[in-house]
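Input: a single structure, listed below in structure tokens.
The values are calculated or read from the model by the stated rules, or taken from the named source; none is laboratory data. Source: prediction; values computed, not measured. Because the Cβ atoms are built from the backbone with ideal geometry, glycine has one as well, and the counts that use them run over all protein chains shown.
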Amino acid sequence: MSMKEWMNIDIDNLELLEVTDYEKARVKQYVLKKQKRKPIWRHIAVASVIIIATGFAFEGSSIADAAQSLINQLFGSKEKLKQIYPDEPQEEFNYFERHIEIAKEHLTEEEFNNYSQLMKEQVEIKAKLQKEKREPNEEEAKRLHQITEILRVYENKFALIEAQQLVSYPIAKPSYVPNGYNQVNESFYLAEKDIGEDPTVELEYSNGEASFSTSQQGIAQTNDLEYLWQNFEESESYSLHGFEFVYVKSEKMNKTGMRVTVPEKRYKITLIADNLSKDEMEKVLLSMVEK
Amino acid sequence: MKSSANNFITRLKKQKEDALDYIIDEYMPLVKTIATKILHNMKREDIDECINDVFLTVWQNSRLFQGDTKDFKKWIGMITKYKAIDRYRQAKRQIELEHSDTLLEQKPSIIQTDRPVLQREDRNEILLAICQLDDIDREIFIMKYYLELPNSKIAENLGLSKAAVDNRLYRGKKRLATNTKLRERFL
């Protein structure tokens, strides 16, 4: 096909190729995985600065009162915030009180003051844009980006603590990592689709060429990983050191995977790798669960 | 609620996962066919990566789409076509570089160092903006910024005069520059 023919492809008259369920699953997995690069608390902090009076977790508690008071102090009334962020899903709002409280508790006074002032500035810019019904100009866009980056530095200081408060199982981090691999995502990511449930905590490691990720979640929980998991052609279940393991392998996808379940602590960890041996995956997972 | 032909665009803009399922079910055969046609002599992984990239772009930029189901098919078709062409060009350039024995010994010329290199984010931003142009302008911009053809070659391909291509590029740049992120690139 020449370039000219490429440019003139008539999309309404093509003989379409078949697509397998596996191919669909692979694309979905890819898109959802990329989507999760934003930790949930970051999303809330930037986009959902709204406090719902009936936050289920801390309703009526002194913590809720303290968070509410802090938020009123920083951002004005909650009604005002609702006007600024009218489209945000309600489930996310509950996290924000906790986020602010954890930030206050784990940052130094000076850090928290800076942090909260930056958030305040962010909300003020957003309110101005909404009032004037326009997109940010170059200067505003640059400042918003700058604020987001600084907030992220502060949030990394308490990300794991925050993640731990959001989940009902103990978060595990591998004490063994195969030679040459480093953690490439320093934050702990929670899938946005899990809002309202125990979030999934993901860690990603890479040696520059290949990578692997671990996803820790509640024992009965499913997430987008399942689409990928179901497409592994080979599967083997076995017990090791008193834990239930499942090893999976796919030549089509050129990936391997392993899942360990820890029933007494109500969680499971799924490891998906580009290029790790069964032994290496076992070592990584055992270093997470044997504590 | 599940996505259907009537509501998938709205649900996609709201980032509902069932809308992602819907577009993969409905449009992946089209995306795969276009990508395979253009990248037929490349590796299977290249085609797969191109398909992944198309759906990620659509998912992340769905808020920019305006139109109905028919327009959506055209939109995703365009994104696929240009992403595949872009990938083909990049792969071809890479092969040329690898096969050039003398390249490492040469210092880059002024032309080479001045050539605008579009980063991945820029390419996406420009692609989505270009999709809003009319057919001829769109092709001109793709040839200019994705295929990096000289204006005279673009004119020849489209059966236009070089002056007409120059004019359309000038007007198109002005139009695209209403987007703040693209202003710096084009003006």
Subset tally (residues that are farther than 30 Å from residue B:47 by Cβ, over 20 Å from the mean Cα position of the chain (by Cα) and in a strand (DSSP E or B)) for segment A:253-284: 3
Matching option when the condition is at negative phi and within 14 Å of chain A (Cβ to nearest Cβ), among B:174, B:153, B:162: B:153
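Collect the residues in segment A:102-137 that are more than 14 Å from every other protein chain (Cβ to nearest Cβ) and not in a helix (DSSP H, G or I), keeping them in residue-number order. Walk me through it before giving the result.
Looking only at segment A:102-137, we keep the residues that are more than 14 Å from every other protein chain (Cβ to nearest Cβ), and these are A:102-128, A:130-133.
Residues satisfying the conditions are A:107, A:108, A:132, A:133.
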Residues (under 10 Å from residue A:75 (Cα atoms) and not polar (S, T, N, Q)) located in segment A:113-130: A:119, A:120, A:121, A:123, A:124
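Conditions (1) among the aliphatic types (A, V, I, L, M); (2) out of contact with any Ser or Thr (no Cβ under 8 Å at 6 or more places or on another chain), marked per residue:
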{"residue": "A:210", "(1), (2)": "yes, yes"}
{"residue": "A:215", "(1), (2)": "no, no"}
{"residue": "A:219", "(1), (2)": "yes, no"}
{"residue": "A:234", "(1), (2)": "no, no"}
{"residue": "A:248", "(1), (2)": "yes, no"}
Any hit, segment B:51-60, residues being within 10 Å of chain A (Cβ to nearest Cβ), at pLDDT 90 or above, closer than 18 Å to residue A:14 by Cα and surrounded by fewer than 21 Cβ atoms within 10 Å (Cβ to Cβ): no
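So which residues in segment B:30-47 are surrounded by fewer than 16 Cβ atoms within 10 Å (Cβ to Cβ) and either within 7 Å of chain A (Cβ to nearest Cβ) or assigned to a helix (DSSP H, G or I) (or both), if there are any at all? Steps first, please.
Just the residues of segment B:30-47 that are surrounded by fewer than 16 Cβ atoms within 10 Å (Cβ to Cβ), to begin with: B:40-41, B:43-45.
B:44, B:45 - these are the residues of segment B:30-47 that are surrounded by fewer than 16 Cβ atoms within 10 Å (Cβ to Cβ) and either within 7 Å of chain A (Cβ to nearest Cβ) or assigned to a helix (DSSP H, G or I) (or both).
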Any hit, segment A:193-206, residues being in contact with a strand residue (DSSP E or B) (Cβ under 7 Å, 6 or more places away or on another chain), of a type in the set (Ser, Thr, Tyr), within 24 Å of residue B:45 (Cα to Cα) and at pLDDT 90 or above: no
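Residue-by-condition table, conditions (1) loosely packed, with under 15 Cβ neighbours inside 10 Å; (2) modelled with pLDDT of 80 or more:
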site: A:89; (1), (2): yes, no
site: A:107; (1), (2): no, yes
site: A:129; (1), (2): no, yes
site: A:139; (1), (2): yes, yes
site: A:175; (1), (2): yes, yes
site: A:179; (1), (2): yes, yes
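Could you check how many residues of segment B:4-17 are part of a helix (DSSP H, G or I), within 11 Å of chain A (Cβ to nearest Cβ) and without any contact (Cβ under 8 Å) to a residue 40 or more places away in the chain?
Just the residues of segment B:4-17 that are part of a helix (DSSP H, G or I), to begin with: B:8-13, B:17.
Applying the additional criterion that residues be within 11 Å of chain A (Cβ to nearest Cβ) yields B:13, B:17.
Then keep just the ones that are without any contact (Cβ under 8 Å) to a residue 40 or more places away in the chain; that gives B:17.
Of the residues in segment B:4-17, 1 are part of a helix (DSSP H, G or I), within 11 Å of chain A (Cβ to nearest Cβ) and without any contact (Cβ under 8 Å) to a residue 40 or more places away in the chain.
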